[in-house]
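The values are calculated or read from the model by the stated rules, or taken from the named source; none is laboratory data. The model shown is predicted, which means the values in this text are computed figures rather than measured ones. Positions of Cβ are generated from backbone atoms using ideal geometry, with glycine treated the same way; all protein chains shown enter the neighbour counts. With ligands, DNA and RNA removed, areas are computed over all heavy atoms of the protein, side chains included. Shrake-Rupley method; radii C 1.70, N 1.55, O 1.52, S 1.80 Å.
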Amino acid sequence: MSKTVIRITPVGGFDIPGLENWFAVMAGKGLRFSMTTGPLTIFKTTEQKTEKINLEPIRGAVNDEQELNAIYED
């Protein structure tokens with residue numbers, strides 16, 4: 001069984017509240033965000049879990065904030 005699930009993103013990338021809500025719903029179904037590519041979002045399967053999702057725009061290059069990335073990883 002594959003641990004990767006691909007879905008078409010139902011909202012635009014600038015609709016932060018829409019994305020947060022959709023990611024929370026997907027987490028409740030056992031799908032955790034992995035990455036996005038164009039109109040597709042890739043999830044990894046996990047246990048079903050109620051989560052509150054908060055998104056923040058990236059400022060600069062992703063690798064510039066190693067400490068912040070470690071916090072987000074947790």
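Based on the Kirkwood radius over alpha-carbon pairs, what is the Stokes-Einstein translational diffusion coefficient of the chain at 37 °C with 0.692 mPa s viscosity, in µm²/s? Provide the component values of the computation, followed by the final result.
On the way: Rh = 13.3 Å.
The Stokes-Einstein estimate is 246 µm²/s.
For the chain, chymotrypsin sites (Phe, Trp or Tyr not before Pro) meeting the loop criterion (DSSP other than H, G, I, E, B) and having at most 16 other Cβ atoms within 10 Å: Phe14.
Within the chain, what's the longest run with no GluC sites (Glu not before Pro) in a DSSP loop and at most 16 other beta-carbon atoms within 10 Å? Give the range, please.
Longest run free of exposed loop sites: 1-46.
Remark: the chain carries 81 Å² of accessible area per residue (probe radius 1.4 Å; ligands, DNA and RNA excluded).
Note: relative contact order over the chain, using C-alpha pairs below 8 Å and six or more positions apart, is 31 percent.
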